[in-house]
């Protein structure tokens, strides 16, 4: 059971990192003071394998308030109705850990969890800027490859030149 808990905590830490928070600290073995994953000053998370009730939600909320951080909870078995309503009322992100071979997939469960990736922090901004630049790089390399392919065909070179000239003329007279 503890090995599965460690896998769940690592999965939660990786997910928190992927949505742009850093530095992520995973508690691991031993007493953790109620926090399994922490991003100092930004986020505290509790990771549970059984269904989560309202007392767990209240506990992580209290810890988050004392650290001026956002509270989130990851659960492999879901949340009670009381836990869900209390979390929604206090803007606590709830995530489901869906079992898969060798680990878990993380699924945002409530609106606060779904919007967590859009919180304005240096971490999330850096994450999205990196994603955008990688996408732009892929697009530019595909365009370049297409141009090289077209220009390698002598018959098409004239057509491409006309299209490019028409594009710039359109931009000029617009």
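The values are calculated or read from the model by the stated rules, or taken from the named source; none is laboratory data. What you are looking at is a predicted structure, and each value in this text was computed from that prediction instead of being measured. With ideal geometry, Cβ positions are generated from the backbone for all residues, glycine too; neighbour counts draw on all protein chains shown.
Return yes or no: is residue 18 touching a residue at least 60 places away in the same chain (Cβ under 8 Å) and within 20 Å of residue 106 (Cβ to Cβ)? It is true that residue 18 is touching a residue at least 60 places away in the same chain (Cβ under 8 Å) and within 20 Å of residue 106 (Cβ to Cβ).
Could you identify the single residue in 24, 39, 44 that is crowded, with 16+ Cβ neighbours inside 10 Å and in contact (Cβ under 8 Å) with a residue 40 or more places away in the chain? Show your work before the answer.
On the way: 24 fails: in contact (Cβ under 8 Å) with a residue 40 or more places away in the chain; 44 fails: in contact (Cβ under 8 Å) with a residue 40 or more places away in the chain.
Only one candidate qualifies: 39.
Taken over region 62-85, the criterion of being surrounded by 19 or more Cβ atoms within 10 Å (Cβ to Cβ) and free of Cβ contacts under 8 Å to residues at least 60 places away in the same chain is satisfied by 64, 69, 70, 71, 72, 73, 75, 79, 83. Is it the case, given these coordinates, that residue 137 is under 30 Å from residue 22 (Cα atoms), modelled with pLDDT of 75 or more, outside the structural domain of residue 41 (by TED's automatic domain parsing) and loosely packed, with under 11 Cβ neighbours inside 10 Å? Yes. Scanning region 75-102 for residues that are at pLDDT below 90 and at negative phi yields 100, 101.
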